[in-house]
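Take a look at the structure set out below.
The values are calculated or read from the model by the stated rules, or taken from the named source; none is laboratory data. Keep in mind that what you see is a predicted model, and the values were worked out from it rather than measured. Using ideal geometry, Cβ is built from the backbone for each residue, glycine included, and neighbour counts are taken over all protein chains shown.
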Amino acid sequence: MAMALSAFAPQEIYFNKYYHDDSDSLKDSYCGYYGANEQFRSKLTAKELVFQVLKNRVDNIDVDRCCPGAEDPFFVADMGEIYRQHLRWKMNLSRVKPFYAVKCNPDPEILRLMASLGNGFDCASKAEIDVALSTGVDPSRIIYAQPCKTKSYIRYAAQMGVKQMTFDNADELYKIKTNFPNAELYLRILTDDSTSLCRLSMKFGASLDVTRPLLELARELDLNVVGVSFHVGSGAEDPKAFCKAVQDARVVFDQAVEVGHEPHTLDVGGGFSEDRFERFAVILGQALDTYFPPHIRIIAEPGRYYVASAFTLAVNVIARRIIQDPMDPSGNTHRLYLNDGVYGNFSNTIFDHQHPEPQILSCLDDSVASPLSHRPSQEIAYSIWGPTCDGIDIIAEHAILPGVVGVGDWLYFENMGAYTRCSATRFNGFTDNHEVIYISSEAGARALLNYRT
């Protein structure tokens, strides 16, 4: 279920005493690049707006009298945050055209905004091609970036006019020759992604000792190799991985020319994240300028960079247990059970190696200290669990919250836009279709999406 609100800019921002002010950490992540102060102020105001929308929503839910499911988890999605990330990209990697990685979060409003911003789409299946085309973009703005494709999906891409696609092995070339001989091919090469959160080189990428034979085979089959692609892994941590990958791509470009192809595009893949973006952009930009002249087209496949921080999830505490602490028999430990877990939107804890941090949204315990009071808050350690019957459904083994959280209270989790909803399941009968409240903290995004003002 989705719900679009007018993207208002209230005269007063509501705070309650549980609001988590992390302006210092935000300022650290936004320092040191052009436009940083303005971006920092916009982002801080946006976080306040998101909190107000969350708070207004839960204040209208009476968990003791509501209909079944009325207290289900819900998201607040700030399209303005995606817009700011796009401006940030253009300021730091103006040469590189983004092709948004649909798999990261295929939310229709995200795709609509991406299309309006002029971005392309990185798709890996028929379904992802369909949702990208549903935005009305030309098929030339889609790359089928899956080196090992289903035959019928290749034929479908041909029918839809999606010509750009990747390969990394000989069998793929034979499949493409049979099913889509006019495709525009990118040879995906192996990279060092050993420092990435999610390694991809274990599954995809041709090593440099086989790239020339593959290019020669493509030439023999009269297939059109138009470029080279690589991916340093999702959530990359070492910017030097980009530099080495660009160097290797230059080698393969030269091989392609020698064999008789006319490559014109380099796809630098994904791996970008919010907190390290500027540092990565500098190194990548320098490598591109060193090894690839201006007439070579450069594209990328960012996903989490755009959307991770745009979604905030609100969840309800459905149960609580206070038991003897197995590590300290003289004390107790608190367990909170939420109505969402690792089989749902917290699947990112398993598939994406994330560690979501809970914050209090609404709490009936008046002992929690207000930031305006002088008495210290009562910090309590909790373990936080999901709603299913599976013992692995644990969100956090140890989390500190400033007070006693009880049944019916609400928590919220920021940075829940990447690899969350897209990998949620219906295990134990819990829904994977949660309400999304769309807002925009930026006028530019409001205009593109035609949100009310």
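General observations
- Residues of region 325-358 classified as in contact (Cβ under 8 Å) with a residue 40 or more places away in the chain and in a strand (DSSP E or B), total: 7
- In region 270-286, residue modelled with the lowest pLDDT [restricted to those that are in a helix (DSSP H, G or I) and surrounded by 14 or more Cβ atoms within 10 Å (Cβ to Cβ)]: Phe280
- Residue under evaluation Gln164, criteria (1) touching a helix residue (DSSP H, G or I) at 6+ places or on another chain (Cβ under 8 Å); (2) more than 30 Å from Gln286 (Cα to Cα); (3) not assigned by TED's automatic domain parsing to the domain that holds Asp340, criterion not met: (2)
- Tally of residues being under 20 Å from Arg304 (Cβ atoms) and buried (at least 22 other Cβ atoms within 10 Å of the Cβ) across region 129-145: 4
- Hits in region 219-232 - residues which are part of a helix (DSSP H, G or I) and either under 34 Å from the mean Cα position of the chain (by Cα) or farther than 22 Å from Ile296 by Cα (or both): Glu220
- With respect to the conditions (1) modelled with pLDDT of 95 or more; (2) acidic (Asp, Glu); (3) not in a helix (DSSP H, G or I), Glu237 lacks only one, and its number is (1).
- Scanning region 314-342 for residues that are in contact with an Asp or Glu (Cβ under 7 Å, 6 or more places away or on another chain) and under 20 Å from Phe427 (Cα atoms), we see that the one that is surrounded by the most Cβ atoms within 10 Å (Cβ to Cβ) is Val315.
- Filter result (part of a loop (DSSP other than H, G, I, E, B) and within 27 Å of the chain's Cα centre (by Cα)) within region 204-218: Phe204, Gly205
- Subset tally (residues that are of a type in the set (Lys, Arg) and not in a strand (DSSP E or B)) for region 97-115: 2
- Of all residues in region 136-183 being outside any loop (DSSP other than H, G, I, E, B) and polar (S, T, N, Q), the one that is nearest to Met114 (Cα to Cα): Ser140
- Verdict on Gly386 being modelled with pLDDT of 85 or more, of a type in the set (Gly, Ala, Ser) and surrounded by 16 or more Cβ atoms within 10 Å (Cβ to Cβ): yes
- Residue match in region 297-305 (condition: of a type in the set (Ser, Thr, Tyr) and under 20 Å from Arg141 (Cβ atoms)): yes
- Residue check for Arg65: modelled with pLDDT of 75 or more, of a type outside the set (Gly, Ala, Ser) and either touching an Asp or Glu at 6+ places or on another chain (Cβ under 8 Å) or outside any helix (DSSP H, G or I) (or both): yes
- Here Val50, Val58 are screened, and the one residue that is under 16 Å from Ser309 (Cβ atoms), buried (at least 17 other Cβ atoms within 10 Å of the Cβ) and at pLDDT 85 or above is Val50.
- Breaking point among (1) outside any helix (DSSP H, G or I); (2) of a type in the set (S, T, N, Q); (3) under 30 Å from Asp64 (Cβ atoms), for Ser441: (3)
- Count of residues meeting criterion [surrounded by fewer than 21 Cβ atoms within 10 Å (Cβ to Cβ), in a helix (DSSP H, G or I) and out of contact with any Leu (no Cβ under 7 Å at 6 or more places or on another chain)] in region 116-128: 2
- Contact annotation: residue pairs with Cβ atoms under 7 Å, 6 or more positions apart or on different chains, pairing a residue in region 424-453 that is on the phi > 0 side of the Ramachandran plot with a partner that is hydrophobic (A, V, I, L, M, F, W, C), are Asn428/Cys389.
- Just one of the listed residues (Pro356, Pro302) is touching a helix residue (DSSP H, G or I) at 6+ places or on another chain (Cβ under 9 Å) and under 14 Å from Ile395 (Cα atoms), and it is Pro356.
- Out of Gln247, Gln255, one residue alone is in a helix (DSSP H, G or I) and modelled with pLDDT under 95. It is Gln247.
- Against the test of being modelled with pLDDT of 95 or more and assigned by TED's automatic domain parsing to the domain that holds Pro68, the options Tyr337, Tyr343 yield a single qualifying residue, Tyr337.
- From the options Asp267, Asp248, residue that is within 14 Å of Arg188 (Cβ to Cβ), of a type in the set (D, E, K, R) and surrounded by fewer than 23 Cβ atoms within 10 Å (Cβ to Cβ): Asp248
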